[in-house]
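The values are calculated or read from the model by the stated rules, or taken from the named source; none is laboratory data. Small disclaimer: the values here were computed from a predicted structure and weren't measured. So basically every Cβ, Gly included, is an ideal-geometry build from the backbone, and we count neighbours across all protein chains shown. All accessible areas refer to the heavy atoms of the entire protein, side chains included, with ligands and DNA or RNA removed. Shrake-Rupley method; radii C 1.70, N 1.55, O 1.52, S 1.80 Å.
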Amino acid sequence: MNAVKTKKIKTIKIDVDKCNGCRACEVICSAMHAEPRYSSNNPARSRVRVIRDPLADIYIPVYAGEYTAAECTGRDRYVIDGKVYDECAFCRASCPSRGFFKEPDSGLPLKCDMCESDPTLKEPMCVQWCLTDALTYEEREEPVDDAIEPEDVDVGLEALANKYGWQQVVDSMSRLAKKD
Amino acid sequence: MRYAETGFNLEVDLTKGNIERVATDPRLTALHLGGLGTNARLFWDRVPPEVEPFSPDNLLVFGAGLLAGTPAPGSNRTIVSSISPQTRLFAYSMMGGFWGPELKYAGYDKVVVRGRSPKLVYLWIHDDQVEIRDAEHYRGLGTLETAELIRQELGDRHVQVASIGLAGESRVFFASIEQGKSSASRQGMGAVMGSKNLKAIAVRGSKDINIAKPTEYIELCNQALAYIKARDGHPIPGVMPILAGLGSPQEMKVHDEKWHTENFVWGNARTRRKGFWTDEVHKEWTNTLETMRTRLLSCHNCPMKCGASIAVDTRICSYMMKCFSKLTYTMGAMSNLDFGLRIAQKATEHGLDAFSAPQTMAFAIELYEAKILTDEDMPDFPATGDERFYYLLDKIVHREGIGDILADGTYWAGQRIGKGAEAYAHNCIKKHEQLPLKLGMLNPIYFLMYSTGEKINITQIEGNFPQEPFATREEREAFVADWPHIPDERFKQWYVEWEQRGEHSIPNYPPVDATCEIVHWQEKMHYVDDCTGICAGLGSFPLKPPFHMHNLPRLISAGAGLDLDEAGLDQITKRNRTLVRALNNRLGLRRKDDKPPEDHWRKRFPELEKKLLDGYYKFKGWNEDGVPTAETLRELGLGFVAEEFAARGILTADGSPSAKEAAIEGAAQ
Ligand code: SF4
Ligand code: SF4
Ligand code: SF4
């Protein structure tokens, strides 16, 4: 009998009740992903953003997920405990409807990579820097079927294509390739 | 490339409607760091002493600290500077929160505002796009209300807004600038903003802040975070709760207010209420805070949670509060916490300093009870303290009737009212209202700090040295055993030998020379924080903080790409402290102004006080009138100040008070 294949799922548990709105997670994520590492910081480049609406007492750290070319046709509104959550509050997409999760200059999509690095960190940086435990790290095993994950390059190219059209991208690529 | 700082200021001329992005001189960073240091330099160079606080020629400068917005925990301060309408001296009022870092992300270190707009406007800074926009439709609106509407108008929830309310528009001398959970409250910066017809500055940025030595910098930040975490589990034993931990005083967390309510004074800074804190009060106030506080909040990139969302008649949030403003209205009005949190909401929307405002109102009530102010001055004046406060609040922010006089603060109101009202303004230093605290025996350290602190606010100079000795030598020895923060070992000895009673107790201990060094050290730490933008709550204010003089030179160097050691940082701090002093000397400040409120201590010691002041001036290299000598100025690279002092007759060639000055002094006597 074949053993069930499992993979390690890395999760970050977000306890919004504990969030104090400090944006430390944004600061350190952007610093961690700077080139060279920690050489700059800029929350606009962060892969976690805190949706803040102080007078509504809303503070939700949201992680950058998949890129999407088109925004949703309908927009959700959740009412929890008397608070109205709008602005696609819980959505992780890098989406045309908002400025989050895009490189400020190129517009390329950003995605949380759980701080993949060599050597592996004991915990993602945003978790390490959230001293209030609004963010905590958990690992668990889950069964998987081997699906091929789209590579980062694919996602990046698709984003460029959506912005400039495939023809432009193909032209640029062949031009750049000739330079080498 | 510039590190930690952006290297650009935004120069805004509201008269002409002109906006310029100006590259700054990196040599000024090396000389003054940023924040307060470079603010002071701007004022020295550009605002001569003849400029009136509300003149279009006065500047209003929002200077983010050198490290603000970098990963250093708690580095988020903006230092707001101008000439204060109340003290008529150089003011620097700090705000934490999120505005300063956002300004850096937008690509600027400072916003320098001059002139006066013909109509009410706000400034919108979005990276390279900066515009002056109409704000007439926000006239009279609250600070938070305005911020919210501006976010809607700009279609961006995450814009940071610093704004004034009605108090600033009315030029109330103690109007604040509010930005959500933080504010620049002291010395009337909101009034200057109002005089410029500037309702708000909204900012949003998406640029990088660069770090010179990334690995070293992050290592130091990680160490600070680890220390904060460890310190959280190890409060300092034997001191009151708000001094045991880190951060600004943790007023939003503590329920036990015995210490404040029984040691601080109520009403117009007069009534001590021993035995006030009963179980019943404790229960009632705990319930109030538990019901109205909906979340604890931090400033940008800081875990300390010194602020809170407060909900008034809603379950969600009405405004944000921090620190001792929790109690100032309550105690001023002789009321309860529920009242204090309610009126603070209105006062925050109007944009008022929570130290000066309640004291001015309590002052008016005293004058009314003493029949110096009458029903004619205060028609329909209500009977209860609570209602009277709401009445006065309304009059003050509209500058209506008696409110027009009270809006100048207790000192100026006392002068204008006359009939003995002057004596009721008894809790000011340099015309600025102080913490409501009246004590018995003079403490030499506090005497010097109260007298000479240029921020004119004790919490901006006190800090790293304990306020009083522990009862036993064993406790004191335990305290100093783990105390790497101090400049040198003598500080341990001074503390260990400090007794609560007997020969080695206040007022004669610590001795004058030790007192000067202790004051100098605490003051220095505040000047470093005010230049770097690191919150005092993680540096100069608490006992045993994560940032101190032995790790800050490395942090600043690694962040900003400077080459600083302890001696270098010491020299910069001296330069900045001396420059701030010189600015105020140029505005007329002298020895005669360096004094605490007359009744701050019941027991005063004129001879000792003279020795202390003489000792401090000498230690600082100032002459006996409290003016830095030409030699001191030159040593600090402030030769240009010495020259101007000579030209203005503030110093003679030999550094003694000039003949002209002596003549003025003589005529005044
Ligand atoms: S670091 Fe933690 S507390 Fe701070 S904003 Fe992020 S999630 Fe909230
Ligand atoms: S896990 Fe790492 S990449 Fe993902 S948001 Fe946190 S810091 Fe950024
Ligand atoms: S210590 Fe408190 S006041 Fe200071 S930055 Fe942190 S949260 Fe703000």
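Tabulated values for the structure
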read-out: Selection within segment B:239-255 - touching a His at 6+ places or on another chain (Cβ under 9 Å) and β-branched (Val, Ile, Thr); value: B:ILE242
read-out: Residue in segment B:192-207 that is outside any helix (DSSP H, G or I), of a type in the set (A, V, I, L, M) and open to solvent by 30 Å² or more (accessible area, probe 1.4 Å) present; value: no
read-out: Cβ-Cβ under 8 Å pairs, at least 6 apart or on other chains, segment B:87-107 side within 14 Å of chain A (Cβ to nearest Cβ), far side assigned to a helix (DSSP H, G or I); value: B:TYR105/A:PRO43; B:TYR105/A:ALA44
read-out: Strands (runs of 3 or more DSSP E) fully within segment A:1-85 counting 2 or more residues that are within 16 Å of ligand 3 (Cβ to nearest atom); value: A:48-53
read-out: All positions within segment B:578-599 that are assigned to a helix (DSSP H, G or I) and touching a residue at least 40 places away in the same chain (Cβ under 8 Å); value: B:THR578, B:LEU579, B:VAL580, B:ARG581, B:ALA582, B:LEU583, B:ASN584, B:ASN585, B:ARG586, B:ASP593
read-out: Yes/no for B:ALA357 being within 30 Å of B:ASP313 (Cα to Cα), in a loop (DSSP other than H, G, I, E, B), of a type in the set (A, V, I, L, M, F, W, C) and out of contact with any Cys (no Cβ under 7 Å at 6 or more places or on another chain); value: no
read-out: Among residues of segment B:111-137, those that are touching a residue at least 40 places away in the same chain (Cβ under 8 Å), away from every other protein chain (no Cβ under 14 Å) and open to solvent by 10 Å² or more (accessible area, probe 1.4 Å), counted; value: 8
read-out: Meets criteria (at negative phi and crowded, with 19+ Cβ neighbours inside 10 Å) for B:THR15; value: no
read-out: Single residue of segment B:269-299 satisfying the filter (of a type in the set (S, T, N, Q) and out of contact with any His (no Cβ under 8 Å at 6 or more places or on another chain)) that is nearest to B:TYR424 (Cα to Cα); value: B:THR271
read-out: Residue within segment B:190-204 that is farther than 30 Å from B:GLN434 by Cβ and either within 14 Å of chain A (Cβ to nearest Cβ) or free of Cβ contacts under 8 Å to residues at least 40 places away in the same chain (or both) present; value: yes
read-out: Test: residue in segment A:98-111 that is open to solvent by less than 30 Å² (accessible area, probe 1.4 Å), within 16 Å of ligand 3 (Cβ to nearest atom) and outside any strand (DSSP E or B); value: no
read-out: Residue within segment A:41-54 that is at the interface with chain B (Cβ under 7 Å from one of its Cβ atoms), touching a residue at least 40 places away in the same chain (Cβ under 8 Å), open to solvent by less than 20 Å² (accessible area, probe 1.4 Å) and not polar (S, T, N, Q) present; value: yes
read-out: Test: residue in segment A:10-21 that is under 22 Å from B:ARG77 (Cα atoms), open to solvent by 10 Å² or more (accessible area, probe 1.4 Å) and either at the interface with chain B (Cβ under 8 Å from one of its Cβ atoms) or among the aromatic types (Phe, Trp, Tyr) (or both); value: no
read-out: Which numbered condition B:LEU296 misses (of (1) outside the structural domain of B:GLU366 (by TED's automatic domain parsing); (2) part of a helix (DSSP H, G or I)); value: (2)
read-out: Matching helices (runs of 4 or more DSSP H) fully within segment B:372-470 where at least 2 residues are open to solvent by 10 Å² or more (accessible area, probe 1.4 Å) and within 30 Å of B:GLY502 (Cβ to Cβ); value: B:444-452
read-out: Answer residue from segment B:290-312, given it is within 14 Å of ligand 3 (Cβ to nearest atom) and open to solvent by less than 10 Å² (accessible area, probe 1.4 Å) and is nearest to B:ASN76 (Cα to Cα) among those; value: B:HIS300
read-out: Index of the failed condition, B:LEU225 passing every other in (1) facing chain A (nearest Cβ under 10 Å); (2) open to solvent by less than 20 Å² (accessible area, probe 1.4 Å); (3) more than 30 Å from A:ASP81 (Cβ to Cβ); (4) away from ligand 2 (no atom under 16 Å from the Cβ); value: (4)
read-out: Complete set of residues in segment A:27-39 that are more than 7 Å from ligand 2 (Cβ to nearest atom) and either of a type in the set (Phe, Trp, Tyr) or over 14 Å from B:CYS221 (Cα atoms) (or both); value: A:SER30, A:ALA34, A:GLU35, A:PRO36, A:ARG37, A:TYR38
read-out: Extreme residue, farthest from ligand 1 (Cβ to nearest atom), among residues of segment B:285-331 that are on the phi > 0 side of the Ramachandran plot and either touching a Gly at 6+ places or on another chain (Cβ under 6 Å) or not charged (D, E, K, R) (or both); value: B:CYS323
read-out: Hits in segment A:1-50 (condition: small (Gly, Ala, Ser) and within 23 Å of B:LEU67 (Cβ to Cβ)); value: A:GLY21, A:ALA24, A:SER30, A:ALA31, A:ALA34, A:SER39, A:SER40, A:ALA44, A:SER46
read-out: Residues satisfying the stated conditions in segment B:101-155, i.e. assigned to a helix (DSSP H, G or I), aliphatic (A, V, I, L, M) and closer than 17 Å to B:ILE209 by Cβ; value: B:LEU103
read-out: Candidate set: segment B:523-542, residues that are part of a loop (DSSP other than H, G, I, E, B) and open to solvent by 10 Å² or more (accessible area, probe 1.4 Å); chosen: the one farthest from B:ALA64 (Cα to Cα); value: B:PHE541
read-out: Odd one out for B:ILE236, checked against (1) closer than 17 Å to B:LEU543 by Cβ; (2) not in a loop (DSSP other than H, G, I, E, B); value: (2)
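Residue-wise test of (1) open to solvent by 40 Å² or more (accessible area, probe 1.4 Å); (2) outside any loop (DSSP other than H, G, I, E, B).
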| position | (1), (2) |
| --- | --- |
| B:THR314 | yes, no |
| B:CYS317 | no, no |
| B:THR328 | no, yes |
| B:MET334 | yes, no |
| B:ASP338 | yes, yes |
| B:LEU341 | no, yes |
| B:ALA344 | no, yes |
| B:GLU349 | no, yes |
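Residues are listed down the side, and each one gets a yes or a no for (1) touching a Lys or Arg at 6+ places or on another chain (Cβ under 6 Å); (2) more than 14 Å from chain A (Cβ to nearest Cβ); (3) over 18 Å from B:CYS535 (Cβ atoms):
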site	(1), (2), (3)
B:CYS221	no, no, no
B:HIS234	no, yes, yes
B:ILE242	no, yes, no
B:MET252	no, no, no
B:HIS260	no, yes, yes
B:VAL281	no, yes, yes
